[in-house]
Amino acid sequence: MTKTFKILAALLTYPTAEIQEAVDDFLPLLKEEALLTAPFIKRLKPLIAEYRERDLLDLQERYVLLFDRTRTLSLHLFEHVHGESRDRGQAMVDLKAMYEASGLNIDSTELPDFLPLFLEYLSTLPCDEALELLQEPAHVIAAIGERLAKRDSSYASVLSGLGQLAGPADPKIIEALRAEPDDDPEDLAALDEAWEAEQVTFGPGSPDEGCPKASDMLGKMLEEAPSEPALNGGQHNG
């Protein structure tokens, strides 16, 4: 089991008292496993410090403002993938089946494309296979990281760490992302309109450019997934 993926998943999950109590162990474990390089581990220190020093309610309020009320920062991978709603729905079903085939059972209220859950799944795989699968949503990870960095958010360090593991995204797509308008989580009317609008894309706009469709992304993931179950049971608690 790869501890790095589990730690990064925890840091991207809604803050809880349990996570707050565990953060002191995160940096030593990351250094011990050494999957992330030292500079990327160092970048996580401000976020770890905030978990130690800030009130839990403040951490939770910030998390909701960033990831729940800002559509362009959504941690649901398929939210950023251009494709038809029916395709996304089927991709969700297939992704959940892929998790369950490896013994990772998820709560019925959790969406399979939630990035922390995906990282939990990767943590159960052999490291080389996990890194291959992480390459599939690399552009989405880079996009969210770019937007967090624009906000000077300490969460950007987690996405940059994932970016190191996933490998570089297409620089043309990243350049296009920098020009994309960002959501204002304080503008509730605009947010409502955005959520009702067409699914956001992080590429130049053409269906043939930018991120692949959810079905294409999932197809590659399924092809590369191990045929043998990697986990004998286990329950993810949301």
Problem - Global form of segment 91-180, assessed from the alpha-carbon gyration tensor, a/c cut-off 1.5 - result: prolate
Practice task
Give the shape of segment 20-91 as rounded, prolate or oblate, defined through the alpha-carbon gyration tensor: a ≥ b ≥ c are the square roots of its eigenvalues, a/c under 1.5 means rounded, and otherwise the shape is prolate if a/b is larger than b/c and oblate if not.
Solution key: oblate
Problem - Å² of accessible area per residue within segment 1-141, as computed with a 1.4 Å probe and no ligands counted - result: 44 Å²
Completion exercise
Cα-based Rg then Dmax for segment 1-127, in Å, read 15.8, 44
Problem - Modelled FRET efficiency - R0 30 Å, residue 58 with residue 149, Cβ distances, 0.05 increments - result: 0.90
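Between residue 164 and residue 110, what is 0.36 nm times their sequence separation minus the Cα-Cα distance? Round to one decimal in nm.
So the chain would gain 16.8 nm between residue 164 and residue 110.
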Problem - Distance (nanometres) between label positions extended 7 Å along Cα→Cβ at residue 31 and residue 172 - result: 4.3 nm
Practice task
With label points built 7 Å along Cα→Cβ from the Cα atoms of residue 129 and residue 49, find their separation and express it in nm.
Solution key: 4.0 nm
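What does the net charge come to around residue 37 if you take all other residues with beta carbon closer than 12 Å to its beta carbon, with K and R at +1 and D and E at -1? Write down the numbers at each step before the final one.
Numbers: positive: 31, 42, 43; negative: 33.
Around residue 37, the charge tally is +2.
The values are calculated or read from the model by the stated rules, or taken from the named source; none is laboratory data. Bear in mind the structure is a predicted one, so any value in this text is a computation, not a measurement. Note that each Cβ is placed from the backbone with ideal geometry, even for glycine, and that neighbours are counted across all protein chains shown. Just the protein is used for accessible areas: all its heavy atoms, side chains included, with ligands, DNA and RNA removed. Shrake-Rupley method; radii C 1.70, N 1.55, O 1.52, S 1.80 Å.
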